[in-house]
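To start, the structure under review is shown below, and the notes come after it.
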Amino acid sequence: MTPSLPIASFTGAFEFIFTPQESNVTGGKKVGGFDKSLELVVKHLEVTVIALAIALIIALPLGLWLGHRGKGEQFAIGLGNAGRAIPELAVIALVAVLIGVGLHNVAPVLAILGVPPILNNAYVGVQQVDRSTVDAARGIGMGEMTIIRKVELPIAVPTVMGGIRSAAIAILATATIAPLAGVESLGDFILNRNVYGENGLLAGAILVALLALTIEGLLALLQRRLTSDGLKLKTV
Amino acid sequence: MASPLVLAAGEVGGDFFRERNVGDLCQAQPDHLFCWDWAKENIDRFGTPTVQHLQIVIPAIVIGFVIAFALALLAHRSRWLQAPLLAATGILYTVPSIAFFFLLLPLSGLGRDTAIIVLSAYTLQIIFRNTMLGLNNVPNSVKDAARGMGFTNRQILWKVELPLAVPEIIAGLRVAVVSTIAIATLAVLISAGGLGTQMYGANLTFPTSIIIAGAIVMLMALGFDALLLLVQRLTTPWRRVKQA
């Protein structure tokens, strides 16, 4: 058991975010502060965006296609359920040992956490589209790809975006422990508590929480923009 | 750490491992994917962490369920509460659990209590939303029929609406349980024990331990999921009749 930390304070944490603080182990060099916080926010976003992009490239077309064909339900739904049972800590720890450290190793593995929700929701969203709508599209001469792109995807936007939001938050959350595999993120403040101290720890937690809420909010906004007005009327 | 053990000839490792010191072999090759002999010799190391894991997960689920269920009943009676409660539990659900653990440090310190608080807060959204939707989805005609038979509002809730909402409630509970079991591995970061202790720390460079602990987590999730499915089958006998 590690000895319990002295009580950290929220005021101390906010000071840490904006102005560099003394540290016990850096030999007088100050740690934290606004520039460092901003740098880590950017790095955190970098690894999140790359991993999310990889997950999207893999899972979105596959989910849309499977949903369009109405095939592989067991696979898409089963993977979505199994994905929730994956312990993130084990994933990150295994990457560090077996594959290697650094962004190019960690980002693809973080992407694995994003694949199940995106695939699952893309499948469900497209599969739920009224078959008579799809038949009508086919009847006016649309090809299969056009049907997915112009009919099914727009109708499925809320469900598909729901999956993307889950994936983004899962990846962003797990990026917090990415420093264990040699990728800098806001988790540095949390995991290197001997360098950044208890205020740094709390500052890291605050920044991760705010970042997650911001990203979730922005994606919710994007979802509203992407959803056609007709669908909004129906759901109200 | 594992005491060095000498492998008998012809066992899993085959000729290559004959009479080699397996403990050292596994340590010397951290990228060696899975060391069966270490696993066989050290499987008892995982007993206590598994129990600790359950000691975090089960109270978290129970507390989360009780609160979410009460909130759902409240929102069912006063509909205007639905949107704000959904938003509030959504915020708790969005804050990454690691951040949540450390945000609570000034209030509840290190250890199991903090882990239980965070994980139960995390389950609220899923259980609340599903219970609420389950209750909302009960057809009005069914409620009218019950009222016609002389049921009071309280009886309608407990004898008609809630039983009909069981599949949705259990579906939410299953998602909550499975993700809680996975996330509880992070409790190691706030010294709350659990299976995360076998993944992070001294064992970070030893894949066998990480894989075994990860497998126990996933099996535990699978087990609870199957158990809840069974509960659903037992509590909704009418659905089986319909499907037959």
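Just so you know, in segment B:81-116 the residues that are more than 22 Å from residue B:170 (Cα to Cα) and more than 14 Å from chain A (Cβ to nearest Cβ) include one that is surrounded by the most Cβ atoms within 10 Å (Cβ to Cβ), and it is B:81. The set of residues in segment A:91-122 being over 19 Å from the mean Cα position of the chain (by Cα) and either over 17 Å from residue A:44 (Cβ atoms) or surrounded by 23 or more Cβ atoms within 10 Å (Cβ to Cβ) (or both) consists of A:94, A:96, A:97, A:98, A:99, A:100. If you check residue B:185 against the conditions, is it of a type outside the set (A, V, I, L, M, F, W, C), over 18 Å from the mean Cα position of the chain (by Cα) and assigned by TED's automatic domain parsing to the domain that holds residue B:99? It is false that residue B:185 is of a type outside the set (A, V, I, L, M, F, W, C), over 18 Å from the mean Cα position of the chain (by Cα) and assigned by TED's automatic domain parsing to the domain that holds residue B:99.
Residue by residue through segment A:38-53, note down the ones that are within 15 Å of residue A:169 (Cα to Cα) and either surrounded by fewer than 21 Cβ atoms within 10 Å (Cβ to Cβ) or hydroxyl-bearing (Ser, Thr, Tyr) (or both).
Scanning segment A:38-53 gives A:41, A:45, A:46, A:48, A:49, A:50, A:53.
Of the residues screened, residue A:32 is one that is small (Gly, Ala, Ser), on the phi > 0 side of the Ramachandran plot and surrounded by 19 or more Cβ atoms within 10 Å (Cβ to Cβ).
So, residue B:49, is that one in a helix (DSSP H, G or I), modelled with pLDDT under 90, out of contact with any Pro (no Cβ under 9 Å at 6 or more places or on another chain) and of a type outside the set (S, T, N, Q) or not? Spelling it out, residue B:49 is indeed in a helix (DSSP H, G or I), modelled with pLDDT under 90, out of contact with any Pro (no Cβ under 9 Å at 6 or more places or on another chain) and of a type outside the set (S, T, N, Q). Does residue B:195 qualify as being more than 24 Å from residue B:105 (Cα to Cα), more than 7 Å from chain A (Cβ to nearest Cβ) and modelled with pLDDT of 85 or more? Answer is no for this residue.
Here residue A:169 fulfils each of the conditions (1) within 14 Å of another protein chain (Cβ to nearest Cβ); (2) touching a Lys or Arg at 6+ places or on another chain (Cβ under 8 Å) apart from (2). Cβ separations smaller than 6 Å between residues 6+ apart or across chains give no pair from segment B:169-180 residues that are closer than 19 Å to residue B:219 by Cα and facing chain A (nearest Cβ under 10 Å) to residues that are among the acidic types (Asp, Glu) and surrounded by 24 or more Cβ atoms within 10 Å (Cβ to Cβ).
Going by the structure shown, is residue B:232 more than 11 Å from chain A (Cβ to nearest Cβ) and within 25 Å of the chain's Cα centre (by Cα)? It is true that residue B:232 is more than 11 Å from chain A (Cβ to nearest Cβ) and within 25 Å of the chain's Cα centre (by Cα). Being of a type in the set (S, T, N, Q) and surrounded by 12 or more Cβ atoms within 10 Å (Cβ to Cβ) is the filter; apply it to segment B:219-244 and report the residue that is modelled with the lowest pLDDT. Per the criteria, the residue is B:236. Residues that are more than 15 Å from residue B:98 (Cα to Cα) and within 23 Å of the chain's Cα centre (by Cα) are absent from segment A:205-212.
Filtering segment B:25-38 to residues that are at pLDDT 65 or above, buried (at least 18 other Cβ atoms within 10 Å of the Cβ) and part of a helix (DSSP H, G or I) leaves B:37, B:38.
Could we say that residue A:198 is more than 14 Å from the chain's Cα centre (by Cα), surrounded by fewer than 21 Cβ atoms within 10 Å (Cβ to Cβ), facing chain B (nearest Cβ under 10 Å) and modelled with pLDDT under 90 here? Yes, satisfied. Remark: residue A:122 falls outside the filter, which requires a residue to be in a helix (DSSP H, G or I), within 14 Å of chain B (Cβ to nearest Cβ) and small (Gly, Ala, Ser).
Evaluation of residue B:123 against the conditions (1) out of contact with any Leu (no Cβ under 7 Å at 6 or more places or on another chain); (2) among the polar types (S, T, N, Q); (3) without any contact (Cβ under 8 Å) to a residue 60 or more places away in the chain shows that the sole unmet condition is (3). Would you check if residue A:174 is in contact (Cβ under 8 Å) with a residue 40 or more places away in the chain and not small (Gly, Ala, Ser)? It is true that residue A:174 is in contact (Cβ under 8 Å) with a residue 40 or more places away in the chain and not small (Gly, Ala, Ser).
Only one of the numbered conditions (1) away from chain A (no Cβ under 13 Å); (2) among the small types (Gly, Ala, Ser); (3) crowded, with 21+ Cβ neighbours inside 10 Å is not met by residue B:78, and that is (3). State yes or no: is residue A:63 buried (at least 21 other Cβ atoms within 10 Å of the Cβ), in contact (Cβ under 8 Å) with a residue 60 or more places away in the chain and closer than 25 Å to residue A:144 by Cβ? Answer is yes for this residue. Among residues of segment A:1-28 that are modelled with pLDDT under 65, those with a beta-carbon under 7 Å from a residue that is not hydroxyl-bearing (Ser, Thr, Tyr) at least six positions away or on a different chain give the pairs A:4/B:109; A:4/B:110; A:5/A:198; A:5/B:105; A:5/B:110; A:6/A:198; A:7/B:106.
The values are calculated or read from the model by the stated rules, or taken from the named source; none is laboratory data. Here the structure is a predicted model, which is why all the values come from computation and not from measurement. Backbone-built Cβ (ideal geometry, glycine too); neighbour counts: all protein chains shown.
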